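The values are calculated or read from the model by the stated rules, or taken from the named source; none is laboratory data. Computed from a prediction, not measured in an experiment: that's the story for all the values here. Cβ placement follows ideal geometry from the backbone for every residue including glycine, while neighbour counts extend to all protein chains displayed.
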Amino acid sequence: MLKKTLLSLVCTFLYLGSLVGDEIPKLTLNGQASVYKKADQMQFNVGVTSRGQDAESTLKDNSEKMRAILQVLKKNGLEADEYQTGQFTILPTYTPYPQNPPPDWKPSINGYEVTNTLSIKTSQLDKIGLLISAVHAAGANKIDHIQAGLKDDKSVREEAIREATKNAIAEAEIMAKAAHVQLVRPLSITLNDSYIHPIAPRMMKAFAESDSIPIEPGQIEVKANVTVVYEMRLDTPTP
């Protein structure tokens, strides 16, 4: 597990020599942190699109290819809860618009298009390249949205928030000491944003070059941004 914290602090320093009305001398800091974790989950979509002159034969062709894909997934050790139907459609196709159509021209149905898509999410990262190659060979003509991720992204997000908050507090203490002021109390701590930056894994070779496509899942970046506002006062020199 690799963790690297990046810190970017944008500081606004305001000191008023004396209080005016309800105004309070404040020190405002923005702390950012990025936590990197090795991906332990992959997801991607596998689809079959079939076209034909009639709906029945087109649906049959599509179903046969999808059954072959499901058999490939099971053969390679995927559990039933690691994939599910994402989309299924049967749509008519129409004659294209001619260059010089007669006044009474209307499009007519000239065939049908059937699309069936599976959404796959698995932690078996060592099988991803083999699975993609196998479903392609079984008839899949659409493989997309390949994305690496984390099974437990909540705990990593919490870690990034903690690091961002620690960074803001540490820098506040450094600035206060350098400016000879005291931090009285935090007036507010605000989480501006926290998000996971998913990545597309690297495909090292094309389909034709290998029976199993080498894929490197890489790392996931989780970011957090926190703003801390402190009340402050002049540091009284020691006699």
Study note, to complete from the structure: Checked the range 144-163 for anything of a type in the set (S, T, N, Q) and closer than 21 Å to THR227 by Cα; matches are SER155
Practice item. Looking only at the range 21-39, count how many residues are among the charged types (D, E, K, R), in contact with a strand residue (DSSP E or B) (Cβ under 8 Å, 6 or more places away or on another chain) and not in a strand (DSSP E or B). Key: 0
Check your understanding: Restricting attention to the range 183-215, which residues are in contact with a strand residue (DSSP E or B) (Cβ under 9 Å, 6 or more places away or on another chain), among the charged types (D, E, K, R) and at pLDDT below 75?
Key -> ARG202
Check your understanding: If you check LEU6, LEU29, which single one turns out to be farther than 30 Å from LYS127 by Cα and modelled with pLDDT under 50?
Key -> LEU6
Check your understanding: Any idea how many residues of the range 146-156 are free of Cβ contacts under 8 Å to residues at least 60 places away in the same chain and not in a helix (DSSP H, G or I)?
Key -> 1
Exercise for review: Please go through the range 107-135 and pick out each residue that is within 20 Å of GLN84 (Cβ to Cβ) and touching a Phe, Trp or Tyr at 6+ places or on another chain (Cβ under 9 Å).
Suggested key: VAL114, THR115, ASN116, THR117, LEU118, SER119, ILE120, LYS121, THR122, ILE128, LEU131, ILE132
Check your understanding: Within the range 94-145, which residues are basic (Lys, Arg) and part of a strand (DSSP E or B)?
Key -> LYS121, LYS142
